[in-house]
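Chemist: Right, I'll just put the structure down here and ask away after.
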Protein chains: 2
Amino acid sequence: MPRVLSSEDVEAFRARLCEAAQTLFAERGIEAVTMRELAQALGVSPMTPYRYFKDKDAILAAVRAAAFARFAARLEAAMAAPADPLHRSRNAGQAYVDFALAEPQAYRLMFDLNQPTEGDYPELQGAIVRARRTMTVHIEAMIEAGQLEGDAELIGHLFWSVLHGMLMLQLTGKLAPTIDPVKLRGLALVTLVKGLGIATP
Amino acid sequence: MPRVLSSEDVEAFRARLCEAAQTLFAERGIEAVTMRELAQALGVSPMTPYRYFKDKDAILAAVRAAAFARFAARLEAAMAAPADPLHRSRNAGQAYVDFALAEPQAYRLMFDLNQPTEGDYPELQGAIVRARRTMTVHIEAMIEAGQLEGDAELIGHLFWSVLHGMLMLQLTGKLAPTIDPVKLRGLALVTLVKGLGIATP
DNA sequence: CAACATAAATTTACACTGTAAACAATCGTC
DNA sequence: GACGATTGTTTACAGTGTAAATTTATGTTG
């Protein structure tokens, strides 16, 4: 117990806690994880996390922010390959789906309606803004390349809505048993490409 | 306290409880409502609801089923007016949005990722199946009318995904401040109509 | 009609949750 | 070397969902 904690130590503990929380969430489900479990996973007494986070909601917000950061990083990585805007667009969509299906609990938490609004957590808000910008960047590129016309931000939100809607219906088990999610995503893609008038080579 | 309860009485109590739950959910938010509050709202002791529902999840499932039933009824009503299939389609989409925005807490509960899967609650499952069928019926009508080609169920799920995705992003506050939800829905409509090749008069 | 059996409702009790408040232990500073 | 502040722990509490025991009230029966 050092008398004073460097801000690096504080940040390190927070990171360790978020990591442990994320792991436990993925294992046992989010709502099944308790404060005491979390503390025990860090080998620390039940009240210690409260020295580093105001309350449980603050922990969830930090985990959400980390998830959005990973998410944005994946999208950016998927668009780093030097391809034409249309292909980058496809890669981004695929990365979006891959992330949601690889880390469903994280995706759940990111878009959980029961979580408090992000307004109270600046770090989380920043992560969301970054992810959102990442999603519109390639639309702007397509517009600049003359492959598409319209409001980039609005079109980006349309793509986002379609992806999010399909994934949520799938993750909540609302799709009919006869519906193949892959086919659905294929239909969505060709419909959007045609409907928006995106120029295909 | 009659000695034996007719099944009508049982059903009546369940209905009263669901109604009270729905009201409290809309007022104070879903997760803030407790079993004891619910019982008190019915003028009954805290354990009495357990005579009519196995546990809290069963109550939530019943409320969800009722919400899906109201939802399906709204959609059906919106499509009852004798218009051509395309207009009925528009009306259905509008009714979908109106319902979600008029009863956001109900819509939240219906598509809450934290709720147990509907497999354990046959009544709920039936309500969902009915709502889903309602959503594909007008697509089939358009195909039969020669205004559209393709798999009706798949296309229905695409419409559903777009509506659900836009609404969830809006309800979770994930839309950028510069995005007007009405504009977004307008763009979605014209894009789907054009992308799917729906014949417009 | 009185006594009982039984189903409905209540009361009590318990394990568990998040967290506030009091407490103990440890280190840099004078 | 003693002090004061800060970290971590212990204790305590109100509130949750719900299991078990208990009471209450009624339809049936001797």
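The values are calculated or read from the model by the stated rules, or taken from the named source; none is laboratory data. Keep in mind it's a predicted model, so treat the numbers as computed, not measured. As a convention, Cβ positions derive from the backbone with ideal geometry for all residues, glycine included, and neighbour counts pool all protein chains shown. Accessible surface is based on the protein model in full, side chains and every heavy atom, while ligands, DNA and RNA are left aside. Shrake-Rupley method; radii C 1.70, N 1.55, O 1.52, S 1.80 Å.
Chemist: So if I place +1 on the C-beta of Lys and Arg and -1 on the C-beta of Asp and Glu, and nothing else carries charge, what would the dipole magnitude of segment A:1-53 be about its Cα centre? I want it in debye, nearest 20. Provide the component values of the computation, followed by the final result.
Modeler: On the way: 6 positive and 7 negative charges, 41 e Å.
Magnitude of the dipole: close to 200 debye.
Chemist: Pairing the Cα long axis of helix A:56-78 with the longest principal axis of chain A, what angle in degrees results, from 0 to 90 and rounded to the nearest 10?
Modeler: Orientation of helix A:56-78: about 40 degrees from the principal axis.
Chemist: Sticking with this one: Quick one: with all protein chains in place, what share of the accessible area of segment A:1-131 is carbon or sulfur, to the nearest percent (1.4 Å probe)?
Modeler: Carbon and sulfur together cover 54 percent of it.
Chemist: Step through the residues of segment A:89-98 one at a time and calculate ³J(HN,Hα) from phi using the Karplus curve (6.51 cos²θ - 1.76 cosθ + 1.60, θ = phi - 60°), rounding each to whole Hz and writing x for Gly and Pro.
Modeler: With coefficients 6.51, -1.76 and 1.60, one gets 4, 4, 4, 4, x, 5, 4, 4, 4, 4 Hz.
Chemist: Under a point-charge model restricted to the Cβ atoms of Lys and Arg (+1) and Asp and Glu (-1), what is the dipole moment magnitude of chain B relative to its Cα centre, in debye to the nearest 20?
Modeler: On the way: 21 positive and 23 negative charges, 80 e Å.
For chain B, the charge dipole is close to 380 debye.
Chemist: In debye to the nearest 20, how big a dipole does the protein assembly as shown give about its Cα centre with +1 on each Lys and Arg Cβ and -1 on each Asp and Glu Cβ? Could the numbers behind the result be given before it?
Modeler: Details: 42 positive and 46 negative charges, 77 e Å.
It works out to roughly 380 debye.
Chemist: I need the Debye-formula profile for chain B: one equal scatterer per C-alpha, no solvent, reported as log10 I(q)/I(0) at q = 0.09, 0.11, 0.12 1/Å, two decimals.
Modeler: -0.42, -0.60, -0.70
Chemist: Another question, if that's okay. Measure nothing fancy, just the Cα-based angle from helix A:181-196's long axis to the longest principal axis of chain A, in degrees from 0 to 90, nearest 10.
Modeler: That helix lies at roughly 60 degrees to the long axis.
Chemist: Let me ask something else about it. In the neighborhood of A:L171, defined by Cβ-to-Cβ distances under 12 Å, what is the net charge if each Lys or Arg adds +1 and each Asp or Glu adds -1?
Modeler: Summing Lys and Arg as +1 and Asp and Glu as -1 gives -1.
Chemist: Same structure, new question: Set the Förster distance to 60 Å, then compute FRET efficiency between A:L101 and A:S7 from the Cβ-Cβ distance, nearest 0.05. Mind showing how you got there, number by number?
Modeler: Numbers: r = 36 Å, r/R0 = 0.61.
Computed FRET efficiency for A:L101 and A:S7: 0.95.
Chemist: Enter the angle in degrees (range 0 to 90, nearest 10) between the Cα long axis of helix A:122-144 and the first principal axis of the Cα atoms of chain A, meaning the one along which they spread out most.
Modeler: 20
Chemist: Now, a different point. Separation of segment B:35-54 and segment A:162-201 by C-alpha centroid, Å?
Modeler: Taking the Cα centre of segment A:162-201 as reference, the centre of segment B:35-54 is 43 Å away.
Chemist: Continuing with the same structure: Report the residue, chosen from A:L158, A:L86, A:L148, that carries the largest GNM mean-square fluctuation when chain A is represented by alpha-carbon nodes joined by springs under 10 Å.
Modeler: A:L158
Chemist: Next question, about the same structure. What's the average, rounded to a whole number, of partner chain beta-carbon atoms within 10 Å of each residue's beta-carbon in A:100-109? All intermediate terms of the calculation are to be shown ahead of the outcome.
Modeler: Values: counts 0, 0, 0, 0, 1, 1, 0, 1, 2, 2.
Mean inter-chain Cβ contacts per residue within 10 Å come to 1.
Chemist: Report the full-extension gain for the segment B:K54 to B:E149: residue separation times 0.36 nm, less the Cα-Cα distance, to one decimal in nm. Don't skip to the end; give the middle numbers.
Modeler: On the way: separation 95, 0.36 × 95 = 34.20 nm, distance 4.64 nm.
Using 0.36 nm per residue and subtracting the Cα-Cα distance, I get 29.6 nm.
Chemist: With the crude spin-label approximation of a point 7 Å out along Cα→Cβ, what separation in nm comes out for A:D180 versus B:V182?
Modeler: Using points 7 Å along Cα→Cβ, the separation is 4.1 nm.
Chemist: So what is the 222 nm mean residue ellipticity for chain B from helices alone, if each DSSP H run of at least 4 adds -39500 (n - 2.57) and you divide by all residues, rounding to the nearest 500 deg cm²/dmol? Intermediate values should be presented prior to the final figure.
Modeler: On the way: 8 runs with 136 residues, N = 201.
When only DSSP H runs of four or more count, the value is -22500 deg cm²/dmol.
Chemist: Can I ask one more? Among B:V44, B:V162, B:V182, which one moves the most in a GNM of chain B with springs linking Cα atoms closer than 10 Å?
Modeler: Highest fluctuation among the options: B:V182.
Chemist: Next question. Mean-square fluctuation check for chain A, GNM, Cα pairs under 10 Å: which of A:A106, A:A32, A:A41 is largest?
Modeler: Its mean-square fluctuation being the largest, the pick is A:A32.
Chemist: Given R₀ = 22 Å, what would the calculated FRET efficiency be for B:E37 paired with A:R28, taking r from the Cβ atoms and rounding to 0.05?
Modeler: After rounding, the FRET efficiency stands at 0.20.
Chemist: Can you bin every Cα-Cα distance in the protein assembly as shown into 10 Å intervals starting at zero and give me the percent of pairs per bin, rounded to whole numbers?
Modeler: Answer for the protein assembly as shown: a P(r) of 4, 20, 28, 25, 15, 6, 2, 0 percent.
Chemist: Pairs on different chains or at least eight residues apart, Cα atoms closer than 25 Å: how many lysine pairs in the protein assembly as shown fit?
Modeler: For the protein assembly as shown, the number of qualifying lysine pairs is 13.
Chemist: Then there's this: State the extension gain, in nm to one decimal, for the chain segment bounded by B:A15 and B:H87, taking 0.36 nm per residue of separation less the distance between their alpha-carbons.
Modeler: Values: separation 72, 0.36 × 72 = 25.92 nm, distance 3.51 nm.
In short, 22.4 nm is gained.
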